[in-house]
Amino acid sequence: MLAWITGLIVLLVKLVVVLVALLLTAAYLVWAERKLLARLQVRLGPNRAGKFGLLQPIADMIKLLTKEDLVPESADRVIFLLAPAVVSVTALLMFAVVPFGTDITLFGRRVPLIISDINVALLLVFAFSSLGVYGVALGGWASNSKFALIGGIRGAAQMISYELPLGLSLVPVVMLARSFSLVDIVNAQNSYPFILVQPLAFAIFVISAMAESKRIPFDLPEAENELGAGFHTEYSGMRFGLFFLGEYVHMQVLGALVAVFFLGGWRGPWLPGPLWLFVKIIAVALVMIWIRGTLPRLRYDQLMAICWKVLVPAALINIILTGFVMLI
Amino acid sequence: MSVYAILFYAIAVFILASTAIAVTRRHLVHAAVFLALSFFGSAMLFYLLGAPLLAMLEVIVYVGAIMVLFLFVIMMVEVKGKDSGVLTRGQQAAAALLGIVYVAAAVMLVRAAAAGGNAALQAAVAEPAVFGEYLFRQHWLSIEIASFLLLIALMGVLHLGRDIRRRQTGKENAS
């Protein structure tokens with residue numbers, strides 16, 4: 001019984017640490033994105049709250065929490081209220097299977113630096129990523145507004161389509177690591193990261209991951225100049241904040257997944273494991289921000305053509321090639 | 001009663017309740033959401049019984065793909081629900097027949113399990129690699145047949161889509 005209770009306490013502590021780290025990083029990713037984007041567009045960006053605008057995320061949070069929580073009169077009330085939570089919860093839950101270090105020993109107990117190591121972890125990531133579609137689609141539909149509905153439908157179509165190359169690009173990684181568990185996948189990259197042997201899979205994964213998190217150049221579901229704000233047009237206050245939070249947590253999760261599948265996860269010289277993972281996540285996030293500042297938005301037909309005519313066939317060919325090389 | 005038993009019955013009640021709500025809702029989007037919840041409940045049950053692979057596949061395929069497609073179509077078409085006559089008499093009969101078949105299969109399974117056979121669960125509780133090997137060694141022919149059927153369906157859809165588009169562009173050229 002005692003072992004059970006200490007196990008529970010260790011788990012709760014890990015959950016709190018990961019949650020706080022994720023939320024804080026999300027808040028400061030917003031700051032980093034606004035700052036970096038401003039520099040890319042030859043502006044200054046936020047610089048009023050605190051030094052370099054460092055208190056801006058906190059000011060934003062207070063503003064969002066104290067704003068009125070509006071529900072449109074003709075909206076489907078319950079679904080409208082729940083949809084933002086779906087987006088942020090699924091994004092947060094995906095992080096449960098990401099390993100962030102080797103096992104450490106605390107008070108004579110071995111504590112693995114991962115929240116839950118299950119043998120189908122990779123599939124769990126996809127399961128939650130496909131659940132995230134509900135938040136976007138239902139949020140857009142429940143608002144009972146044309147802009148939001150179009151945004152929701154676009155979001156659903158885009159996310160279902162890009163899940164395919166996202167999944168297919170990881171098949172070679174699973175073939176190389178011979179396991180669905182993210183711990184085993186990181187361990188399989190002991191001698192070299194998989195990006196060296198799977199550059200094509202890496203490219204496909206990063207492109208699909210950007211589409212999956214609905215960022216420029218794939219931000220059609222929330223295209224500002226045609227749809228207002230897309231699926232979250234009608235949301236205000238913290239419910240809008242939850243959509244926003246979900247997006248930035250999603251960015252971190254995708255950064256973590258890129259790191260785990262292709263960059264060797266928490267492995268690296270000199271620095272401790274969790275720090276390496278953090279550095280890799282931030283690096284991926286910064287590249288995503290850079291791309292946002294550089295590329296224009298795709299047209300809808302281009303979006304679908306890239307997915308079905310380029311990424312999916314390329315991923316399939318990559319699987320066959322990997323199979324051949326592994327057999328030889 | 002152990003924690004697992006309590007969880008089992010709680011999830012079972014959740015599945016039954018959400019399915020019951022799903023089939024009685026007039027509003028199509030609500031029905032779809034409750035059906036998705038019911039699938040999610042089944043996935044939780046699979047996980048509880050020690051079949052994580054099946055649980056994840058249930059979420060990815062049923063909740064994440066099929067129900068999203070349903071929702072997509074409902075949102076696009078936006079049917080104003082009629083008050084009566086959703087199903088014709090023939091459809092009701094077919095539904096009842098399928099229901100009876102399912103109940104019969106469930107009763108047979110429960111009786112087999114009571115007699116000591118545990119076949120249904122044993123097949124489900126397997127490591128992904130073992131499951132894959134079993135599937136592709138023992139049932140490769142059925143898998144090939146199924147994938148061939150899916151391929152034909154895919155080609156059929158493509159053909160229908162192309163045909164309509166060509167006809168429309170033809171009209172535009174004529175006018």
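Values in this text are rule-based calculations from the coordinates and carry no lab data. The shown structure was predicted, so the numbers you read here are calculated from the model rather than taken from an experiment. Cβ placement follows ideal geometry from the backbone for every residue including glycine, while neighbour counts extend to all protein chains displayed.
Side notes on the structure shown:
- Selected from A:Ile195, A:Ile153, A:Ile58 as most flexible by GNM, with chain A as the system and alpha-carbon contacts under 10 Å: A:Ile58
- Other-chain or far-sequence residues with amide H under 5 Å of A:Val111's (modelled H): A:Ile104, A:Thr105, A:Leu106
- Segment B:Ala95..B:Gln138, full-extension length gain: 12.2 nm, with 0.36 nm per residue of separation and the alpha-carbon distance subtracted.
- Normalised contact order of chain A, rounded percent, pairs of Cα under 8 Å and 6 or more residues apart: 23
- If the Kirkwood radius is taken over C-alpha pairs of segment B:1-79, then at 37 °C and 0.692 mPa s the Stokes-Einstein diffusion coefficient equals 249 µm²/s.
- Using R0 = 51 Å, the C-beta based FRET efficiency linking A:Ser236 and A:Leu295 works out to 0.95.
- Taking a span of 24 Å or more along the helix axis (Cα atoms) and a mean Kyte-Doolittle hydropathy of at least -0.5 as the rule, the DSSP H helices of chain A that qualify are A:2-40, A:77-94, A:121-142, A:146-177, A:237-262, A:273-294.
- With both labels modelled 7 Å from their Cα along Cα-to-Cβ, the A:Ile328 to A:Glu224 distance reads 5.0 nm.
- Loop-resident sites, segment A:1-74, for trypsin sites (Lys or Arg not before Pro), counting at most 12 other Cβ within 10 Å (DSSP): A:Arg43, A:Arg48
- The smallest convex shape that holds all Cα atoms of segment A:111-152, its convex hull, gives 79 Å³ per residue.
- Modelled this way, with points 7 Å down the Cα-to-C-beta line, the labels at B:Val73 and B:Leu154 are 2.0 nm from one another.
- FRET efficiency for the A:Leu36 to A:Ala85 pair, using the beta carbon distance and R₀ = 25 Å, is estimated at 0.30.
- Spin-label zone in segment A:79-109 - amide nitrogen under 12 Å from a point set 7 Å from the Cα of A:Val13 along the C-beta vector: A:104-109
- The fewest-to-most ranking of A:Tyr248, A:Tyr192 by surrounding Cβ atoms within 10 Å reads A:Tyr192, A:Tyr248.
- Between A:Phe231, A:Phe107, A:Phe218, the residue with the greatest mean-square fluctuation in the GNM of chain A (Cα pairs under 10 Å linked by springs) is A:Phe107.
- With 28 Å as the limit, the listed pairs A:Lys51/A:Lys280; A:Lys14/A:Lys63; A:Lys35/A:Lys309 have A:Lys14/A:Lys63; A:Lys35/A:Lys309 beyond it between alpha carbons.
- Put a dot 7 Å past the Cα of B:Ile66, heading toward its Cβ, do the same for A:Asn144, and the two dots end up 3.2 nm apart.
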